[in-house]
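> Below is a structure I'd like to ask you about.
Every number here is computed from the coordinates shown, using simple stated rules; none is lab data. Just so we're clear, the structure is a prediction, and the values are computed from it rather than from any experiment. We place every Cβ from the backbone using ideal geometry, glycine too, and count neighbours over all the protein chains shown.
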């Protein structure tokens, strides 16, 4: 079945450091890929998405590229801020009647000033 | 535009009691999802509705969980009787239902603790 694997956390970085959170997936079809973020005490928010191979999603300085050949969708940011501290979830969806999201376990990011 | 609303935000019950959660999706959204998020894990789908019909409930523990969306708008998820392992955050999400591979918008969740 379809699945998503994320790097284990927690990840602790200093402000302005470079961030990479690895995500790989297994899917039978051609899924859309998503990164969701969950700030402390809040619900899940869509951070970015990509719907086909080689698409790059970007938002708030974060970006991720849909790599079909490596079945990956790694999240990157060039310079993190304290306000980026949150849990990040990689997810996939095959759409339509299988439109539900399949999530990874999440990666907790803590950014220190 | 108002987001997905959920209530209550927190609930503490004893095992074998029953509990119900309510969700009001974004106005006009045809598709509604309930997810269960156990601490330290990603959300897992329980049930998906398209308008007032069930699209996927394959992962819903039907011996104790039930859900309805009678008028195709708001939805209720019920657990009866609750078990300790039901302690989790219950997330509701909605999407417009008009296109493939569309974005889901999540509510704040209901945090359930079963003692």
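> Which whole number of Å³ per residue matches the convex hull of the alpha-carbon atoms in the stretch B:63-115? Don't jump to the answer; show the numbers that get you there.
Working: hull volume 5.8 nm³, N = 53.
Considering the Cα atoms of the stretch B:63-115, their hull volume per residue is 109 Å³.
> Once R0 is set to 45 Å, what does the formula 1/(1 + (r/R0)^6) return for the Cβ-Cβ distance between residue A:20 and residue B:51, expressed as a FRET efficiency to the nearest 0.05? Display every interim value, and only then the final one.
Details: r = 41 Å, r/R0 = 0.91.
So, using R0 = 45 Å, E works out to roughly 0.65.
> Of A:91, A:50, A:17, which has the largest mean-square fluctuation in a 10 Å C-alpha GNM of chain A?
Maximum among the listed residues: A:17.
> Between Rg and the Kirkwood Rh of chain B, both from Cα atoms, what is the Rg to Rh ratio?
On the way: Rg = 13.4 Å, Rh = 14.1 Å.
Radius of gyration over Kirkwood radius for chain B works out to 0.95.
> Measuring from label point to label point, each 7 Å out along Cα→Cβ, what is the residue A:110 to residue A:76 span in nm?
Between residue A:110 and residue A:76, the simple spin-label model gives 2.7 nm.
> OK, next. Please arrange B:33, A:30 by counting, for each residue, the other beta carbons lying within 10 Å of its beta carbon, fewest first. Don't jump to the answer; show the numbers that get you there.
Details: B:33 26, A:30 12.
Ordered from fewest to most neighbouring Cβ atoms within 10 Å, B:33, A:30 come out as A:30, B:33.
> Another one. Please compute the volume of the convex hull spanned by the alpha-carbon atoms of the protein assembly as shown and report it per residue in Å³. Before the final figure, lay out the partial values.
On the way: hull volume 27.9 nm³, N = 228.
Taking the convex hull of the Cα positions in the protein assembly as shown, it is 122 Å³ per residue.
> Hey, fewest Cβ within 10 Å first, where do B:12, B:47 land in order? Write out the running numbers ahead of the final one.
Working: B:12 12, B:47 25.
In increasing order of surrounding Cβ atoms, one gets B:12, B:47.
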